[in-house]
């Protein structure tokens with residue numbers, strides 16, 4: 001059975017904080033600084049002002065920078081090579097313009113992941129992981145990771161881009177893996193893929209992810225699925 005993976009968007013793939021504090025600097029009339037990177041440091045009143053601008057901006061989510069754009073494109077190639085089922089999950093707030101789902105799909109395609117499956121989640125990640133029969137979730141919130149491992153058979157990896165020893169220890173003790181980059185997360189996915197479906201169900205320790213042999217298969221469709229010419233089976237017309 002193919003590996004089934006769920007990935008959160010903001011904090012894992014997209015740098016939401018950068019976009020949020022850029023708006024904050026404009027709205028609040030003060031320079032953006034590293035000390036403002038803590039969302040908890042912003043008052044509720046200021047946060048409401050920032051969110052008001054965000055929700056009124058057409059397709060605001062399309063402007064967020066990617067943490068590791070090359071790794072998102074690599075994720076697409078790996079999913080095609082290994083026949084992974086990848087689901088992108090987000091709790092983004094709707095803005096003016098297109099739907100959250102469409103904006104997120106467009107953004108992912110811009111980063112090199114074509115035809116992405118995006119699910120907007122406003123309830124339990126654990127229930128969704130169970131419904132989708134996920135093998136692994138990558139998320140930047142401990143509570144979501146804990147929800148997933150508590151409500152489903154999926155494993156969870158916490159994306160902790162800023163070192164927080166207390167949070168890392170909490171996650172590790174709960175059986176949640178911890179990575180600092182998407183590149184690291186993809187290494188975990190590759191190793192988990194190598195275990196095979198039966199072994200993925202049986203392992204209990206994170207160290208069990210890092211064994212096995214790679215078994216790659218060629219994709220049956222072109223890397224860009226919109227280019228269907230290789231499937232046509234016909235030669236291009238020739239000028240006589």
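The values are calculated or read from the model by the stated rules, or taken from the named source; none is laboratory data. Everything numeric in this text was worked out from a predicted model, so none of it was measured. With ideal geometry, Cβ positions are generated from the backbone for all residues, glycine too; neighbour counts draw on all protein chains shown.
Annotations for the structure displayed:
- Being over 14 Å from the mean Cα position of the chain (by Cα), in a helix (DSSP H, G or I) and either over 25 Å from residue 27 (Cα atoms) or in contact (Cβ under 8 Å) with a residue 40 or more places away in the chain (or both) is not true of residue 50.
- The one condition in (1) more than 11 Å from residue 6 (Cβ to Cβ); (2) under 16 Å from the mean Cα position of the chain (by Cα); (3) in contact (Cβ under 8 Å) with a residue 60 or more places away in the chain that residue 83 fails to fulfil: (2)
- Residues that are touching a strand residue (DSSP E or B) at 6+ places or on another chain (Cβ under 8 Å), surrounded by fewer than 19 Cβ atoms within 10 Å (Cβ to Cβ) and not in a loop (DSSP other than H, G, I, E, B) occur in the range 118-130; there is at least one.
- Residue within the range 124-132 that is under 30 Å from residue 63 (Cβ atoms), touching a helix residue (DSSP H, G or I) at 6+ places or on another chain (Cβ under 7 Å) and modelled with pLDDT under 90 present: yes
- The single condition among (1) more than 18 Å from residue 91 (Cβ to Cβ); (2) within 14 Å of the chain's Cα centre (by Cα); (3) touching a residue at least 60 places away in the same chain (Cβ under 8 Å) that residue 192 does not meet is (2).
- Filter result (farther than 14 Å from residue 14 by Cβ and more than 14 Å from the chain's Cα centre (by Cα)) within the range 56-77: 56, 57, 58, 77
- Residues being touching a strand residue (DSSP E or B) at 6+ places or on another chain (Cβ under 6 Å), in a helix (DSSP H, G or I) and either at pLDDT 90 or above or loosely packed, with under 14 Cβ neighbours inside 10 Å (or both) - total across the range 144-170: 3
- Flag for residue 99 being surrounded by fewer than 17 Cβ atoms within 10 Å (Cβ to Cβ), at pLDDT 95 or above and farther than 21 Å from residue 68 by Cα: yes
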